[in-house]
């Protein structure tokens, strides 16, 4: 599973949300991958640099070729980066599922 959830904006809240989305997938018996939790760590890529941000998004999307689905967590909205991931999944014929975590 490729997880799509927001990163930019309220980064701390979005990271906590992405972790909760990952937990949700794990609880469902899935093997989730959330590139924005990995590539945005200190010393990896700088999301505020447009070139590095694009590199991170593309690297994350490349994993999608090996995923069985893309799961979009929508409680915090759908960002531009998430839209890219959704469109890539559609273009590659990968199922897209929309989920919420609720309260």
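Some notes on this structure:
- Extension gain, residue 19 to residue 68: 0.36 nm times the residue separation minus the Cα-Cα distance gives 15.6 nm.
- Shape category assigned to the stretch 46-103 from the gyration tensor of Cα positions, a/c cut at 1.5: oblate
- Matching the structure-derived semi-axes √(5λ) of the Cα gyration tensor in Å against the labelled list [x] 19, 17, 12; [y] 22, 16, 14; [z] 27, 22, 11 gives the label [x].
- Placing dummy labels 7 Å off each Cα toward the beta-carbon, the span from residue 26 to residue 96 is 2.7 nm.
- Among 76, 53, 28, residue whose mean-square fluctuation peaks in a GNM of the chain (springs only between Cα atoms under 10 Å): 28
- Highest-MSF residue in the chain out of 77, 56, 85 [GNM, Cα springs under 10 Å]: 77
- Candidates 57, 11, 86: whichever shows maximal mean-square fluctuation once the chain is modelled as a Gaussian network with Cα springs under 10 Å: 11
- Each stretch of four or more DSSP H residues adds -39500 (n - 2.57); spread over every residue of the chain, this sum gives -14000 deg cm²/dmol at 222 nm.
Coordinate-derived values only; no laboratory data. Note that the structure is predicted; figures quoted are calculated from it, not measured. FYI the Cβ positions are ideal-geometry reconstructions off the backbone, even for glycines, and counts take in every protein chain you see.
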